[in-house]
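First up is the structure itself, then whatever we jot down about it.
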Amino acid sequence: MRVHEFMVNHTLEREDLMAISQKAARFTADIILKFQFSDVEHSVDVKSLLGIMLLPIHQGVTVRLETKGKDELEALEFVLPLLEKR
């Protein structure tokens with residue numbers, strides 16, 4: 001399992017999340033995004049288009065990106081810049 005924790009430096013808009021989810025679907029590894037917002041712990045499969053679009057990921061939130069599987073390193077290295085952009 002690969003894990004990277006970082007603070008989101010911009011609010012992720014619905015279009016951003018849709019694009020990330022669609023691009024992440026190419027990997028076989030599980031790609032999970034975990035964060036706390038409004039005192040509630042959220043966990044979502046990045047490849048789940050509906051799941052990722054429904055969660056509020058705002059500027060200043062600390063996010064934990066976890067990848068696990070055959071291509072976990074490649075998945076982490078691909079998805080991380082998409083989440084950290086801007």
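The values are calculated or read from the model by the stated rules, or taken from the named source; none is laboratory data. Because the structure is a prediction, the values reported are computed rather than measured. No Cβ is skipped: glycine too gets one built from the backbone with ideal geometry, and neighbour counts run over all protein chains shown. For accessibility, only protein heavy atoms count, side chains too; no ligands or nucleic acids. Shrake-Rupley method; radii C 1.70, N 1.55, O 1.52, S 1.80 Å.
A compact table of results
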read-out	value
Hey, Leu83 modelled with pLDDT under 95, hydrophobic (A, V, I, L, M, F, W, C), under 17 Å from Val3 (Cβ atoms) and surrounded by 15 or more Cβ atoms within 10 Å (Cβ to Cβ) or not	yes
One residue from Glu5, Glu15, Glu41 being open to solvent by 80 Å² or more (accessible area, probe 1.4 Å) and closer than 17 Å to Leu76 by Cβ	Glu5
Residues of region 44-62 that turn out to be small (Gly, Ala, Ser) and either in contact (Cβ under 8 Å) with a residue 40 or more places away in the chain or open to solvent by 70 Å² or more (accessible area, probe 1.4 Å) (or both), as a count	1
Count of residues meeting criterion [open to solvent by less than 70 Å² (accessible area, probe 1.4 Å) and not β-branched (Val, Ile, Thr)] in region 18-38	11
All positions within region 1-17 that are outside any loop (DSSP other than H, G, I, E, B) and modelled with pLDDT under 90	Arg14, Glu15, Asp16, Leu17
